[in-house]
Amino acid sequence: ERVDVKKIIEGGTTKYHMNGTNNSFFDKIESAYIASPTNTSIIDGFVNYIIGDGLVDVNGNEVTSYISNDDLNSAIHDYKLQGQCALQVVYDYNGNMRRMYQIPVKNFGVNKENYLDDDPEGYGYCADWSNTSKNPVKFIPAFGKGDGKESEILYIKRSCKINPIFALPDWFSGLQYCFMEEEMSNFYLNHIMNSFSVGTIVNINQGASADEDAMDEAERNIKSKLTGSGGDTVMISYNDNKENATTI
């Protein structure tokens with residue numbers, strides 16, 4: 001039996017499927033690209049590899065006559081980064097394709113159809129989904145769904161069993177490591193900017209334990225509660241008594 005998706009996804013309260021609240025998951029993916037120099041280098045390298053020497057039209061037409069190199073590169077970059085990309089297809093008055101323009105996928109919501117396996121009739125475009133009152137949503141038909149003269153959206157995405165509406169990038173499993181790399185950078189930068197100095201001293205005035213592993217574990221637990229990637233460097237000092245506590 002086919003399941004009516006409008007009854008189970010987002011409560012049927014909006015006309016479009018969102019990739020996270022106000023399409024925020026697209027921004028999270030983008031943040032992981034910006035935060036991690038490793039991820040940036042890998043994605044940019046793959047994009048250059050995919051582009052190669054450019055596209056060739058088998059019909060003999062010049063590719064740049066209907067899509068610029070910048071739009072082509074941006075579309076491929078969006079596809080590698082987000083796992084999907086979108087192209088606006090513009091027609092002339094005779095219904096012939098005139099031009100294609102890349103538009104970031106984060107600007108599109110997918111039109112809700114009655115059933116999950118139905119192809120969307122179109123997409124909602126919004127410059128900022130977090131403020132639709134100032135940025136009205138415009139419906140644009142999907143490629144092949146228009147009247148042959150109005151603009152259409154060619155939406156290309158990877159197959160994704162986890163999310164049939166939106167794709168996940170092929171590097172998704174490394175997402176948390178991208179943010180970990182950012183936090184490590186914050187930690188070391190903060191340490192350098194503080195001239196490698198100790199910002200906080202925690203004195204434990206009960207003497208040092210003979211069990212070094214237990215002391216190391218206690219120190220890690222204390223620091224995990226007192227610091228973050230941008231927090232001060234904490235020094236743990238074990239003292240025989242209060243009079244011998246470390247002071248500055």
* If you go through the stretch 190-208 one residue at a time, do you hit one that is of a type outside the set (A, V, I, L, M), farther than 30 Å from residue 34 by Cβ, at pLDDT below 70 and open to solvent by less than 70 Å² (accessible area, probe 1.4 Å)? -> yes
* Asked: So is residue 60 over 30 Å from residue 185 (Cα atoms), part of a loop (DSSP other than H, G, I, E, B) and among the small types (Gly, Ala, Ser) or not?
  -> yes
* **Only one of 113, 30 that is touching a residue at least 24 places away in the same chain (Cβ under 8 Å) and in a loop (DSSP other than H, G, I, E, B)** => 113
* Only residues that are assigned to a loop (DSSP other than H, G, I, E, B) and more than 20 Å from residue 172 (Cα to Cα): list them for the stretch 63-84, please. => 66, 67, 68
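Go through the residues of the stretch 132-147 one by one and say whether even a single one is of a type in the set (A, V, I, L, M), part of a helix (DSSP H, G or I) and open to solvent by 30 Å² or more (accessible area, probe 1.4 Å).
Scanning the stretch 132-147, I find no residue that is of a type in the set (A, V, I, L, M), part of a helix (DSSP H, G or I) and open to solvent by 30 Å² or more (accessible area, probe 1.4 Å), so the answer is no.
Looking at 45, 83, 54, which is the one that is modelled with pLDDT under 95, over 23 Å from residue 146 (Cβ atoms) and either surrounded by 13 or more Cβ atoms within 10 Å (Cβ to Cβ) or not β-branched (Val, Ile, Thr) (or both)?
On the way: 45 fails: modelled with pLDDT under 95; 83 fails: modelled with pLDDT under 95.
Just one listed residue meets the conditions, 54.
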* Which one is least open to solvent (accessible area, probe 1.4 Å), of the residues in the stretch 116-130 that are closer than 20 Å to residue 150 by Cβ and either aliphatic (A, V, I, L, M) or in a loop (DSSP other than H, G, I, E, B) (or both)? -> 126
* Asked: If you check every pair at least six apart or on different chains, which have Cβ atoms under 9 Å apart with a residue in the stretch 96-110 that is more than 11 Å from residue 67 (Cα to Cα) first and a residue that is of a type in the set (S, T, N, Q) and part of a strand (DSSP E or B) second?
  -> 103/88; 105/84
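Restricting the search to the stretch 41-57, which residues are outside any helix (DSSP H, G or I) and within 29 Å of the chain's Cα centre (by Cα)? Talk me through it step by step, then tell me what you get.
Start the filter on the stretch 41-57 by keeping residues that are outside any helix (DSSP H, G or I), which leaves 52-57.
52, 53, 54, 55, listed by residue number.
Can you tell me which residue within the stretch 1-27, out of those that are assigned to a helix (DSSP H, G or I) and modelled with pLDDT of 75 or more, is farthest from residue 120 (Cα to Cα)? It would help to see each step written out before you state the result.
Within the stretch 1-27, the subset assigned to a helix (DSSP H, G or I) is 5-7, 10-12, 21-27.
With modelled with pLDDT of 75 or more added as a condition, the list becomes 21-27.
Values: 21: 20, 22: 19, 23: 17, 24: 21, 25: 20, 26: 19, 27: 23 Å.
Across the stretch 1-27, the extreme among qualifying residues is 27.
The values are calculated or read from the model by the stated rules, or taken from the named source; none is laboratory data. Just so it is clear, the model here is predicted, and its values are computed rather than measured. So basically every Cβ, Gly included, is an ideal-geometry build from the backbone, and we count neighbours across all protein chains shown. To get the accessible areas, we keep the full protein, side chains included, count just its heavy atoms, and leave off ligands, DNA and RNA. Shrake-Rupley method; radii C 1.70, N 1.55, O 1.52, S 1.80 Å.
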